[in-house]
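Taken together, the values in this text are just the output of simple stated rules run on the coordinates, not laboratory data. All figures in this text were calculated on a predicted structure; none of them were measured in a lab. Cβ placement follows ideal geometry from the backbone for every residue including glycine, while neighbour counts extend to all protein chains displayed.
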Amino acid sequence: MKKIAVVILNWNGSNLLRQFLPSIISFSKEANIYVIDNASTDDSIIVLEKEFPSVSIIKNTGNFGFAKGYNEGLRSIKEPYLALVNSDIEATENWLQPIINLFNKEPETAIIQPKILDYKNKTYFEYAGAAGGYIDKYGYPFCRGRLFDSIEEDKGQYNTTIEIFWASGACFFIRNEVYKKLNGFDEDFFAHQEEIDLCWRAFNIDYTIKYCAETVVYHVGGATLNSKNPKKTFLNFRNSLFMLVKNLPGTKIIPILFLRLILDGIAGVHFLFQGKLVHFWAVLKAHFSFYWFLPKYLKKRSITNRKKYFLISSIVFQYFVKKRNTFSKLF
């Protein structure tokens, strides 16, 4: 049996499958390739059956979103290593072997992210993951190569394989046994930041997350939910709060959540002054939803002795006040 499965989650993405599956197939001789279909209503299944017969199709019974979509589809996949890949990812030659080597060599490494560059501007990092993810003390995520909307050009500055805090869901490698041990993604998230939550849970039980510079992929980004969509704003703000409740050390949860809610309120007012009323309302809805589901998420808390999960106290302060817009300037 091959050691790695490349798994693509699809919903009404037949055009993306036609565009990007050929590179996955061409450069993935080491892998079995699967497409999990979230009950597409377009011609995705026909396209897969007629144009890509070597790809195995797993049919979900509904559009379950990213989290439950993967959880349902991965139940039947047995390969020891999983590559969870967005349908808008272009693979490059020899992209899998460095990942396999890293997993083989480092049993404590559970999750790996490759270098993710912008498909539309291939010398620049891509927003969703760039060269590996971190969060600040208040749960705001940022990346090497991307702080908020400031995206760096790839000049080899992140060409070393290092430990990170979270790996992008756009191209997410994980040991199958660890995925199952952690019960996969949190399905209540639906989409957005569930990969950070999964990485944090892995971190809490002493696994390592790595960035592998030797593997490069290109990502379109925003192909399924554009950054201007208020639903994305809602999910990002709400899910980030859920993640803090689930994973923060017990002594930190109340003071950090209190300050985080204030910072979210400032972000909401900023949207209001920009005339982005739908995004202002999305932040409000995210907080209402958070309060409503708080008892449920308190029951999901993981117990951890690992208290230092962040590199810097506040990415908001560093970026907006100190005007530090590249990762290297943060330290």
For the stretch 88-157, run through the chymotrypsin sites (Phe, Trp or Tyr not before Pro) and keep only the ones in DSSP coil with at most 16 other Cβ atoms within 10 Å of their Cβ. PHE148
Given R₀ = 45 Å, what would the calculated FRET efficiency be for HIS270 paired with ARG18, taking r from the Cβ atoms and rounding to 0.05? 0.70
May I ask for the distance between the Cα centers of the stretch 253-315 and the stretch 122-150, given as a whole number of Å? 18 Å
Provide the gained length on full extension for the span LYS59 to PHE293, in nm with one decimal, where the gain is 0.36 nm per separating residue minus the Cα-Cα distance. 81.2 nm
Quick check: the distance between the Cα centres of the stretch 165-199 and the stretch 42-59, to the nearest angstrom? 25 Å
Sorted largest first, the C-alpha extents of the stretch 1-104 along its principal axes in whole angstrom are 39, 26, 21
Relative contact order of the stretch 230-304 (C-alpha contacts under 8 Å, at least 6 apart) in percent is 51 percent
I want the local charge near TYR218. Using Cβ-Cβ distances under 12 Å, sum +1 for each Lys or Arg and -1 for each Asp or Glu among the other residues. -2
Cut-off 18 Å (backbone N to label point 7 Å along Cα→Cβ of LYS29), residues of the stretch 77-109: 91-101
Select from the stretch 143-234 those trypsin sites (Lys or Arg not before Pro) which occupy a DSSP coil region and have at most 13 other Cβ atoms within 10 Å, ordered by residue number. LYS155, LYS228
Cα gyration tensor of the chain - equivalent ellipsoid semi-axes, whole Å, descending: 30, 22, 21
What is the spin-label model distance, in nm, from VAL321 to ASN159 if the labels are put 7 Å beyond Cα along the C-beta direction? 3.7 nm
Given DSSP loops and a limit of at most 11 other Cβ atoms within 10 Å, what is the longest stretch of the chain that contains no such GluC sites (Glu not before Pro)? 109-331
Over the chain, what is the relative contact order in whole percent, taking alpha-carbon pairs under 8 Å and six or more residues apart? 19 percent
Per GNM of the chain with C-alpha springs under 10 angstrom, the most fluctuating residue out of PHE320, PHE234, PHE20 is PHE320
Compute the signed sum of charges (Lys and Arg +1, Asp and Glu -1) over the other residues within less than 12 Å, Cβ to Cβ, of LEU257. +3
Fluctuation leader among ILE45, ILE262, ILE253 - the chain, Gaussian network, Cα springs under 10 angstrom: ILE262
How much of the DSSP beta bridge set in the chain is antiparallel, as a percent to the nearest 5? 45 percent
The whole-number value in µm²/s of the Stokes-Einstein translational diffusion coefficient for the stretch 182-331, with Rh from the Kirkwood sum over alpha carbon pairs at 20 °C and 1.002 mPa s, is 125 µm²/s
Links that overshoot a 25 Å alpha carbon limit, given the list LYS232/LYS322; LYS68/LYS137; LYS115/LYS276; LYS137/LYS296; LYS180/LYS252: LYS232/LYS322; LYS68/LYS137; LYS115/LYS276; LYS180/LYS252
Using a cut-off of 19 Å between alpha-carbon atoms, which lysines can reach LYS29, once sequence neighbours fewer than 8 places away in the same chain are excluded? LYS2, LYS3, LYS78
Given an 8 Å cut-off on Cα distances and at least 6 residues of separation, report the relative contact order of the stretch 29-119 as a percent. 24 percent
